[in-house]
Amino acid sequence: MPVSELLYVDACVRGERSRTRRLAAAFLERYAQRRPGDTIRRRDLAARRLQPQYPEILAQRDALWAAGRLSEPMFDDANQFARADKIVIAAPFWDLSFPAILRIYLERVSVVGITFAYDGEGEQRGLCRAEKLLFITTRGGNFSAPEKRWMELGAKHLEALCTVYGIPDFQLLCAEGLDDVRTDGGAVLAGAMERGRTLAESF
């Protein structure tokens, strides 16, 4: 079995209290058991405190990019993302999408010449090595229901970015309805954790 590098991006802003982190941990534990030779690289976004791309940060980034200095530390996240063989992103469902720290990270990752590019015809093409990206999330409500599906923007956002980055296989592991008084949230989460362990067998 070939050795792979898995990048785990943790945007679980509640830390150890996060249900999304518990779901991700179940997946990663089984993955590590099944593929002990693989490297798992973790990015804890809450700990890293990335700043939004304020004007002065964008000016610095634009200057480095224009000079072709894509190996500078400012582009470390983009280069790591582009090199990964597999990517797992864990983030809760917030305000119909995901926490701002993940959006900031994705803006850092999206760099022409590292994660995507344009060809001579002006067509966009992805440059990322990863063949698959797994998004792990938890939702208090049920946003897979037909009447609410249109309101879910987090998974849709990441699936669209996979097309930009050239990652052909987008997968979703979700536990939802956790705050619905009509359901047993603990049982729902436990079921999702078991699905995550099964998914890890072949990821």
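The values are calculated or read from the model by the stated rules, or taken from the named source; none is laboratory data. On a predicted model such as this, the values are computed, not experimentally measured, just so you know. When we count neighbours, we look across all protein chains shown, and the Cβ atoms used for this are built from the backbone with ideal geometry, even at glycine. Side chains are part of the model used for accessible areas, which takes the heavy atoms of the whole protein and leaves out ligands, DNA and RNA. Shrake-Rupley method; radii C 1.70, N 1.55, O 1.52, S 1.80 Å.
Annotations
- Cross-link partners of LYS148 among aspartates and glutamates, defined as those whose alpha carbon lies under 20 angstrom from its own and excluding same-chain residues fewer than eight positions apart: ASP95, GLU159, GLU176, ASP179, ASP180.
- Modelled spin-label separation between LEU172 and ALA100, with each label point placed 7 Å from Cα along the Cα-to-Cβ direction: 2.5 nm.
- Candidates per GluC sites (Glu not before Pro) in the stretch 164-203, loop by DSSP, up to 16 other Cβ within 10 Å: GLU201
- A cut-off of 5 Å between modelled amide H atoms, ignoring neighbours fewer than 5 places along the same chain, links ILE136 with ILE89, ALA90, ALA91, LEU173.
- Cα-based helix-to-principal-axis angle, 185-200 vs the chain, degrees rounded to 10: 50
- For the chain, the longest principal axis of the C-alpha atoms and the axis of helix 19-34 are separated by about 80°.
- Ranking ASP180, ASP76 by solvent-accessible area of protein heavy atoms (1.4 Å probe, all protein chains present), from largest to smallest, gives ASP76, ASP180.
- Percent accessible area from carbon and sulfur atoms, the chain, protein chains only, probe 1.4 Å: 50
- Label zone of ARG42 (point 7 Å out along Cα→Cβ, amide N under 17 Å): in the stretch 84-127 this covers 87-92.
- Charged side chains reduced to their Cβ positions (Lys and Arg at +1, Asp and Glu at -1) give the chain a dipole of some 560 debye around its Cα centre.
- The stretch 20-105: relative contact order as a whole-number percent, Cα under 8 Å and 6+ apart: 44
- For the chain, with +1 on Lys and Arg beta carbons and -1 on Asp and Glu, the positive-most of VAL109, PRO36, CYS162 along the dipole: PRO36
- Dipole-positive endmost among ALA78, GLY68, GLY120 within the stretch 67-197 (Cβ charges, Cα centre): ALA78
- In sequence order, calculated HN-Hα J values of the stretch 56-62 (Karplus, 6.51, -1.76, 1.60; Hz; x Gly/Pro): 5, 6, 5, 4, 5, 4, 4
- 1.4 Å probe accessible area per residue over the stretch 1-160, in Å²: 52
- Compared with the alpha-carbon gap, the fully stretched path from LEU58 to GLU147 is longer by 28.1 nm at 0.36 nm per residue.
- Computed with a 1.4 Å probe over protein heavy atoms only, the accessible area of GLU159 comes to about 100 Å².
- Normalising the Debye intensity of the stretch 1-95 to I(0), with uniform scatterers on Cα atoms only, and taking log10 at q = 0.15, 0.23 Å⁻¹ returns -0.74, -1.18.
- Cα-centred dipole magnitude for the stretch 94-170, charges only on beta-carbon of K, R (+1) and D, E (-1), debye, nearest 20: 280
- q = 0.16, 0.26 Å⁻¹: log10 I(q)/I(0) that the Debye formula gives for the stretch 59-127, counting C-alpha atoms only: -0.66, -1.18
- Amide N proximity, the stretch 76-107 versus ALA160 label position 7 Å along Cα-to-Cβ, cut-off under 17 Å: 94-100, 102-107
- Placing unit charges on the Cβ atoms only, positive for Lys and Arg and negative for Asp and Glu, gives the stretch 60-104 a dipole magnitude near 80 debye about its Cα centre.
- Separation in nanometres of the label points that stand 7 Å from Cα toward Cβ, at LEU70 and VAL3: 2.6
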